[in-house]
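Take a look at the structure below.
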Amino acid sequence: MPTPSDMQHSSLEAWFSHAAQHQTAFTRVDTHTGEAQTWFPGRRCFCEELVFVPGPNAATKEDDGYLLGLVYDAAKHKSFLSILDASNFSKGPVAKLWLKHHVPHGLHGFFSPKYFGPES
């Protein structure tokens, strides 16, 4: 039986920024048709990257599962985990798990050429 990594993928998930409106969004693009589904979490909400959690039929159906993405809501100064149905992406999350605090935006994607570890 093929695994998701053996399949030719037909979609691309990403987040993008609209700086003028101070917001970001999650987008899923069908790489065969170019059709895009987008979910905007709201003004002053900033998305991080998405992680796919496969469902029981993901080996044969690429959109069987959920996309999880962290969102920082600047108006509330809190973060939440959005859980999106991969097969019905633009409807928005099936659940939002609010944290008691914020997670700094860009935490996972921050890179620096400077080493911040202990001295050898």
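The values are calculated or read from the model by the stated rules, or taken from the named source; none is laboratory data. Here the structure is a predicted model, which means the values were calculated and not measured. We place every Cβ from the backbone using ideal geometry, glycine too, and count neighbours over all the protein chains shown. Keep in mind that these areas ignore ligands, DNA and RNA; they rest on the heavy atoms of the full protein, side chains included. Shrake-Rupley method; radii C 1.70, N 1.55, O 1.52, S 1.80 Å.
Could you look through the range 73-89, keep only residues that are more than 22 Å from Pro56 (Cβ to Cβ) and over 12 Å from the mean Cα position of the chain (by Cα), and pick out the one that is surrounded by the most Cβ atoms within 10 Å (Cβ to Cβ)? Only one residue fits best here, namely Ser79.
Listed by position, the strands (runs of 3 or more DSSP E) enclosed by the range 1-116 that each have at least 3 residues that are at pLDDT 80 or above are 23-30, 36-39, 45-54, 65-73, 78-85, 93-98. Applying the condition of being closer than 16 Å to Val71 by Cα and over 13 Å from the mean Cα position of the chain (by Cα) to the range 30-59 and asking which residue is most open to solvent (accessible area, probe 1.4 Å) yields Arg43.
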